[in-house]
Amino acid sequence: MDFVRNVGRMRRLGVVVAVLSLAGLTAACSSNNNSTTTTTSGGASSEIPSDLSINSFNVNFTEMPKLKNLTAAGSGLVGVILPDTTSSTRYVNFDLPYLQKAFQQAGYSASDFKIDNAQGVDATELADAQADITAGAKVLVVDPLDSTVGSQIQQLAEQHGVPMISYDRATFTGTKTYYVSFDNVQVGKLIGQGFVQCVSSWNVSKPQVFELSGGEDTDPNAVSFAQGYNSVIWNQQKTPLTAGTTNSQGFTLVGEQIAPGWDNSKGATVFQQAFTAHSNINATVEANDGLANAVIGVLKNSGVGPKKVPTTGQDATLQGMEWILQGYQCGSVYKAVYKEAQAAVSLATILRAGKTPPSALLNSTTSPPSGVNGSTQPAVLLTPVWVTSSNMNSTVISDKFIDASALCSAVGASVCSGAGITP
């Protein structure tokens, strides 16, 4: 009987041990899960979406709702400061509404983000940043009016432990600074490739080239653009290049000058003076559509017709699309703002939640151009597209970046029809 009782006790002890062991295993598994996956109060995972990358963003904003749990896991304000949401066509029509939509689709409440208008004034932009930090901002998203105010805001943010996302224009200072934009050197390379192709298709003989570069005096991006197209056309990644530079294709550089501060009227004056002094100029490179428009005005006033003197650009403006269809501009680099807005909100949401951005999103770095002080910063670099009459309908028209009716009203229905565009 004692043996039987002992066996019974051992069996009961075994059951207890098994139960305790199972409970311990369950607790251990729970502990291990908690070490890798954060959960919200509702129990949903707040991990970064596994498919989040620079290729995730489309015109329908389908990636943004996947961030809702991550948004709920974070706290505090995301302060956004844009240069001018009053008079700038781009910021009024695209950046502002796209950023608002991205935040809303990602599950932010109205009190979780704030978008300020710097109204084109450095002091206002800096004051907005100070106000956001005072209000408890956990992340700042700033499109700096220039490198000076960008660095001032970055220093202020770093003093308060707030990471800063430099949106569209890089800030090369600080240890918690990120950059979200398009690959600027690649933008320049697309301009250069489009120019070279256009010289051939327009049958320009012995190209005498003038380059009207952007506001390198205030904007490091302008330097990167020029480095890009100079590397393609002249096999030299620097700016400005010396007049008389040649390439193996028989091109000769008449001159490369900048439009101070990206000022189109100053750009027109620069080109008018160059064209007056060098009437043999028969091919031009411009850093954006506004400068191309300035050059085209000078050329048309001098009696130059379509498909005679190539011009280039970027920003895919309505005016630029008109000139492309009418044969005065070779093409323009399109940078889809809806991608940039979603990328910025995605990165801000990750930083706000205290997470590490994945390499598929934070896919590169950006470094100050030669002669510009600063350090290399981690970056989200999106892919730009060269737009011509052949793909205009499938890019800027399809994305509703350009209104087909306005474009066709300007150039004529038959011209639009020839490019496959229906108003």
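Tabulated values for the structure
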{"quantity": "Answer residue from segment 167-194, given it is touching a residue at least 40 places away in the same chain (Cβ under 8 Å) and of a type in the set (Lys, Arg) and is farthest from Asn221 (Cα to Cα) among those", "calculated": "Lys189"}
{"quantity": "Pair list, Cβ under 9 Å, 6 or more apart: segment 224-237 residue over 17 Å from Ile258 (Cβ atoms), other residue among the aromatic types (Phe, Trp, Tyr)", "calculated": "Val232/Phe195"}
{"quantity": "Near pairs, Cβ below 6 angstrom, 6+ apart or cross-chain, from segment 400-423 (without any contact (Cβ under 8 Å) to a residue 60 or more places away in the chain and in the same structural domain as Pro306 (by TED's automatic domain parsing)) to any residue that is surrounded by 15 or more Cβ atoms within 10 Å (Cβ to Cβ) and not hydroxyl-bearing (Ser, Thr, Tyr)", "calculated": "Ala404/Ile397; Ala404/Ile421; Cys408/Cys416"}
{"quantity": "Qualifying residue in segment 225-242 (condition: surrounded by fewer than 21 Cβ atoms within 10 Å (Cβ to Cβ), in contact with a strand residue (DSSP E or B) (Cβ under 8 Å, 6 or more places away or on another chain) and not hydrophobic (A, V, I, L, M, F, W, C))", "calculated": "yes"}
{"quantity": "Every residue from segment 170-222 that is part of a strand (DSSP E or B) and either more than 17 Å from the chain's Cα centre (by Cα) or of a type in the set (S, T, N, Q) (or both)", "calculated": "Thr177, Ser181, Gln208, Val209, Phe210, Glu211, Leu212, Ser213"}
{"quantity": "Scope segment 353-373; condition of a type in the set (Val, Ile, Thr) and either in contact with a helix residue (DSSP H, G or I) (Cβ under 7 Å, 6 or more places away or on another chain) or outside any loop (DSSP other than H, G, I, E, B) (or both); matching residues", "calculated": "Thr365, Thr366, Val372"}
{"quantity": "Breaking point among (1) part of a helix (DSSP H, G or I); (2) not assigned by TED's automatic domain parsing to the domain that holds Gly107, for Gln342", "calculated": "(2)"}
{"quantity": "Pairs with Cβ under 7 Å, 6+ apart, first in segment 69-85 and within 16 Å of Gln152 (Cα to Cα), second of a type in the set (Phe, Trp, Tyr) and crowded, with 19+ Cβ neighbours inside 10 Å", "calculated": "Val80/Phe113; Leu82/Tyr91; Pro83/Tyr91"}
{"quantity": "Hits in segment 374-391 - residues which are part of a strand (DSSP E or B) and either closer than 16 Å to Val187 by Cα or touching a His at 6+ places or on another chain (Cβ under 9 Å) (or both)", "calculated": "Ala379, Val380, Leu381, Leu382, Val385, Trp386, Val387"}
{"quantity": "Any hit, segment 365-375, residues being among the polar types (S, T, N, Q) and not assigned by TED's automatic domain parsing to the domain that holds Ala344", "calculated": "no"}
{"quantity": "Selection status of Asn282, in contact with a Leu (Cβ under 9 Å, 6 or more places away or on another chain) and either free of Cβ contacts under 8 Å to residues at least 40 places away in the same chain or among the polar types (S, T, N, Q) (or both)", "calculated": "no"}
{"quantity": "Yes/no for Val254 being touching a His at 6+ places or on another chain (Cβ under 6 Å), buried (at least 17 other Cβ atoms within 10 Å of the Cβ), outside any loop (DSSP other than H, G, I, E, B) and free of Cβ contacts under 8 Å to residues at least 60 places away in the same chain", "calculated": "yes"}
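The values are calculated or read from the model by the stated rules, or taken from the named source; none is laboratory data. Computed from a prediction, not measured in an experiment: that's the story for all the values here. Because the Cβ atoms are built from the backbone with ideal geometry, glycine has one as well, and the counts that use them run over all protein chains shown.
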